[in-house]
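Read the structure below first, then the notes.
The values are calculated or read from the model by the stated rules, or taken from the named source; none is laboratory data. These numbers come from a predicted model, not from an experiment. We place every Cβ from the backbone using ideal geometry, glycine too, and count neighbours over all the protein chains shown.
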Amino acid sequence: MWSAIQKQFRVQWGEGAACSVILIAAGLFGTALMCTVLSVSGENETYFEIGTLIAGIVFAMWSLVGTGLNFYSSFQIEVGMGSTRKHFFVSFYLCGLVQSLINVLLLGLVYLLEHNLYRILYPGMASEVEMGPGTAGVGIFLAIVLPMVGVGAAALMMRFGKIAFWIMWAIWMAGFLLVPRLLGAAEDHPVSVYGIVGKGIMGLTGIFSLPVWLGIIFAASVLLFLGSYRIIRRQQVTA
């Protein structure tokens, strides 16, 4: 097992390093963009760490989508060359976990750099978002969960093909397009159909506290991860 983990890190380190570089570059770009906006407008009373936001999106996309895409190709190559499915599965996730934790650390450094730079350049303004130890905990949680979900999504597509892809695509689009619209309608048009549905979603999220929701998400991710291992144990190499 240990040799499989070492081999996986040697194979994956290049892509992980590339993601870290892109994450830092995205953070610097967002910081420069916000500095430009604040300098041009000159009337802002607050600022927003948009560089950290962009870098966070890069981190989430790589941990989720990048892991899923890489899992498929790595499975075909490594299992096809004689690696056991168990060793591949465990080593691949551990490699993704370590890389995600490193990116969370880099994301925290991007925030500290951006936040303190604004405080120096614009001392009369206040930040719209203050991140503390709790935010770091959420970042670590995402570093653990997102690779699990990425592996699970890849395994489902390997097993069920286009059916799984289109179902996950519909869920993805609903989460990014439909849900924000419903929540906005709950504020702007509360008596409309969209507004009523949006208020229902807001009420549902308020049933449990954040730690409870995180526990539910973690449990669901673990079940998906274990289910993906059962799929991989029977999956044949196709290339």
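I'm trying to understand the selection: among the residues of segment 87-105, which are out of contact with any Phe, Trp or Tyr (no Cβ under 8 Å at 6 or more places or on another chain) and surrounded by fewer than 20 Cβ atoms within 10 Å (Cβ to Cβ)? Residues satisfying the conditions are His87, Val90, Leu94, Leu97, Leu101, Ile102, Leu105. The set of residues in segment 115-132 being closer than 21 Å to Ala60 by Cα and free of Cβ contacts under 8 Å to residues at least 12 places away in the same chain consists of Glu130, Gly132.
Out of segment 69-86, which residues are buried (at least 22 other Cβ atoms within 10 Å of the Cβ) and modelled with pLDDT under 85? The one that is buried (at least 22 other Cβ atoms within 10 Å of the Cβ) and modelled with pLDDT under 85: Phe75. Residue count for segment 47-77, restricted to those that are touching a residue at least 40 places away in the same chain (Cβ under 8 Å) and more than 30 Å from Glu128 (Cα to Cα): 10. Pick out the one residue from Met61, Met34 that is within 22 Å of Val145 (Cα to Cα), at pLDDT 80 or above and part of a helix (DSSP H, G or I). On inspection, the qualifying residue turns out to be Met61.
Yes/no per residue for (1) assigned to a helix (DSSP H, G or I); (2) among the aliphatic types (A, V, I, L, M); (3) touching a residue at least 40 places away in the same chain (Cβ under 8 Å); (4) within 21 Å of Val104 (Cα to Cα):
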position	(1), (2), (3), (4)
Gly134	yes, no, no, yes
Gly137	yes, no, no, yes
Ile140	yes, yes, no, yes
Val145	yes, yes, yes, yes
Gly150	yes, no, yes, yes
Ala153	yes, yes, yes, no
Met158	yes, yes, yes, no
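The one condition from (1) over 15 Å from the mean Cα position of the chain (by Cα); (2) assigned to a helix (DSSP H, G or I) that Val129 does not meet is (2).
Selection of segment 5-51 for residues being of a type in the set (A, V, I, L, M) and more than 30 Å from Gly124 (Cα to Cα) yields Ile5, Val11, Ala17, Ala18, Val21, Ile22.
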